[in-house]
1. Any residue at all in region 25-36 that is in a helix (DSSP H, G or I), among the polar types (S, T, N, Q), surrounded by 15 or more Cβ atoms within 10 Å (Cβ to Cβ) and out of contact with any Asp or Glu (no Cβ under 8 Å at 6 or more places or on another chain)?
2. Of the residues Val89, Val55, which single one is assigned to a helix (DSSP H, G or I) and at pLDDT below 80?
3. Scanning region 51-86 for residues that are in contact (Cβ under 8 Å) with a residue 24 or more places away in the chain and open to solvent by less than 50 Å² (accessible area, probe 1.4 Å), which turns out farthest from Phe22 (Cα to Cα)?
Amino acid sequence: MLGTFLFLAITTNANPALAQIFDTAEEQVGSIFGEYLDSEIITFLFGLIRVVIWVAAVGFVFFAIYQAQRGEQWQPLAQNAFIIVAAVVLVEGLSALFFGEGGA
């Protein structure tokens, strides 16, 4: 029951496409290219990037679990998932370092 309530609370109150990854970079792209591109296009592109990154990371993890259950090589797949997550953290950290904390 608690899990169902938590799931409903997350899905009704959160906007997963606007997760906190690449927020600072999106704001900077909007400020740089905002006069040339519509803000909805920039938001769509960053949403697409977020979806592709998370689907790839989750796909690598699930495929690594599948390979491990079959007794095959799973370490390279886990490394790829880690590289994706590390790249996201690195981009977020560098964009916060160079551009500040997004509007603050």
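The values are calculated or read from the model by the stated rules, or taken from the named source; none is laboratory data. Only a predicted model underlies this, so the values are computations on that prediction, with no experimental measurement involved. Ideal geometry is used to build each Cβ from the backbone, glycine not excepted, and the neighbour counts take in all protein chains shown. Just the protein is used for accessible areas: all its heavy atoms, side chains included, with ligands, DNA and RNA removed. Shrake-Rupley method; radii C 1.70, N 1.55, O 1.52, S 1.80 Å.
1. First, pick out the residues of region 25-36 that are in a helix (DSSP H, G or I): 25-33.
If we keep only those that are among the polar types (S, T, N, Q) as well, we get 28, 31.
If we keep only those that are surrounded by 15 or more Cβ atoms within 10 Å (Cβ to Cβ) as well, we get 28.
Of the ones still in play, those that are also out of contact with any Asp or Glu (no Cβ under 8 Å at 6 or more places or on another chain) are 28.
The answer is yes; a qualifying residue exists.
2. Val89
3. Top of the filtered list is Ala81.
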